[in-house]
Amino acid sequence: MEIIKTKIIDFLIIKPNVFEDNRGYFFESFRLDKFKEAGINLDFVQDNESKSQKGVLRGLHFQNPPYEQGKLVRVVTGAVLDVVVDIRNGSKTYGKWLSQELSESNKTMLWIPPGFAHGFLTLEDNTIFQYKCTNYYNKESEGSILWSDPDLGISWNIKNPLVSLKDQSAPRFKDFQSKF
């Protein structure tokens, strides 16, 4: 398992060692010891899964303290463009975003620590997206930022994604007050 640092501190790309042969493949999708070696001490308490058609955009979501969540995310089938935005007050990369394609074929995973807004766009039909969370979901603590905010300038590379009413009415970044 290779854990790759990015230009946003604490946000990591994880590339598992994949063993393939004529029967299929095998890989470890999580190893606590490797995370601890990378300085990440965590406990996962909830697993989530979604299935979406091509062109569905979910996000940008987060949970406020004290129910903040770290997430280990990956695609089981299909592909997504995964996006994170740093919303940690005082961070040198506050308001900056990164994107990464996650797919069934590349098996890449992301570690998204608390203090990041997260969203993804499905690139294929019947995409199954999984994530492990370090805290339980709490409706009163959920927050969001407008996925299409021009001040963030995220390159989603789609004109008309299918977006929930809740995500369409999320606040803009300039009107957002981070609790991180």
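Odds and ends about this structure:
- Test result for residue 89, polar (S, T, N, Q), without any contact (Cβ under 8 Å) to a residue 24 or more places away in the chain and either exposed (fewer than 15 other Cβ atoms within 10 Å of the Cβ) or on the phi > 0 side of the Ramachandran plot (or both): no
- Restricting region 19-43 to residues that are among the hydrophobic types (A, V, I, L, M, F, W, C) and surrounded by 12 or more Cβ atoms within 10 Å (Cβ to Cβ), the residue that is farthest from residue 134 (Cα to Cα) is 27.
- Candidates are the residues of region 10-68 that are charged (D, E, K, R) and assigned to a helix (DSSP H, G or I); the one that is modelled with the highest pLDDT is 33.
- Look at (1) surrounded by fewer than 15 Cβ atoms within 10 Å (Cβ to Cβ); (2) out of contact with any helix residue (DSSP H, G or I) (no Cβ under 9 Å at 6 or more places or on another chain) and you find that residue 151 fails only one, number (2).
- Options 32, 72; residue that is without any contact (Cβ under 8 Å) to a residue 24 or more places away in the chain and not hydroxyl-bearing (Ser, Thr, Tyr): 32
- Condition check for residue 125: closer than 28 Å to residue 53 by Cβ, touching a helix residue (DSSP H, G or I) at 6+ places or on another chain (Cβ under 9 Å) and surrounded by fewer than 22 Cβ atoms within 10 Å (Cβ to Cβ): no
- Filtered by the rule that a residue be within 18 Å of residue 174 (Cβ to Cβ), under 11 Å from the mean Cα position of the chain (by Cα) and part of a loop (DSSP other than H, G, I, E, B), region 69-88 gives no residues.
The values are calculated or read from the model by the stated rules, or taken from the named source; none is laboratory data. Because the structure is predicted, anything quoted here is derived from the model rather than measured. For neighbour counting, all protein chains shown are included, and Cβ atoms are generated from backbone atoms with ideal geometry for every residue, glycine included.
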